[in-house]
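K.L.:
Next up is a structure, given as structure tokens.
What follows draws every value from the coordinates through simple rules; no lab data is involved. All values reported here derive from a predicted model rather than from experimental measurement. As a convention, Cβ positions derive from the backbone with ideal geometry for all residues, glycine included, and neighbour counts pool all protein chains shown.
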Amino acid sequence: MKNDIRDTKNDVIERNIVLISKIYESFEVLEETLGGLKLEEPLFIINAAKKSFANSVYNSIKGNDLYKAHFKN
């Protein structure tokens with residue numbers, strides 16, 4: 001029973017990591033494209049959005065009991 005719960009938690013964590021990774025990769029690609037086009041203002045906005053996203057993810061993980069339990073064990 002505990003293994004089933006742990007597997008379910010691991011699945012949730014893995015899906016979240018994949019989703020976060022894909023969103024972050026999208027920021028990277030957009031940043032690269034805008035940089036190549038020499039569009040400074042949109043590039044600045046993307047950098048700010050990427051930083052805000054990273055902070056939000058970090059704060060969410062920091063306060064999430066599921067993640068705390070996962071990394072504690």
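K.L.:
Can you compute the modelled spin-label distance between residue 48 and residue 15, with each label point 7 Å from Cα toward Cβ, in nm?
P.N.:
Each label point lies 7 Å from its Cα, and together they span 3.4 nm.
K.L.:
OK, next. Among 18-28, 43-53, how do they line up from the highest to the lowest mean number of other beta-carbon atoms within 10 Å?
P.N.:
In decreasing order of mean packing, 18-28, 43-53 become 43-53, 18-28.
K.L.:
Is segment 18-59 best put as rounded, prolate or oblate by its Cα gyration tensor, with a ≥ b ≥ c the root eigenvalues, rounded for a/c under 1.5, and otherwise prolate when a/b is larger than b/c, oblate when not?
P.N.:
The shape class here is oblate.
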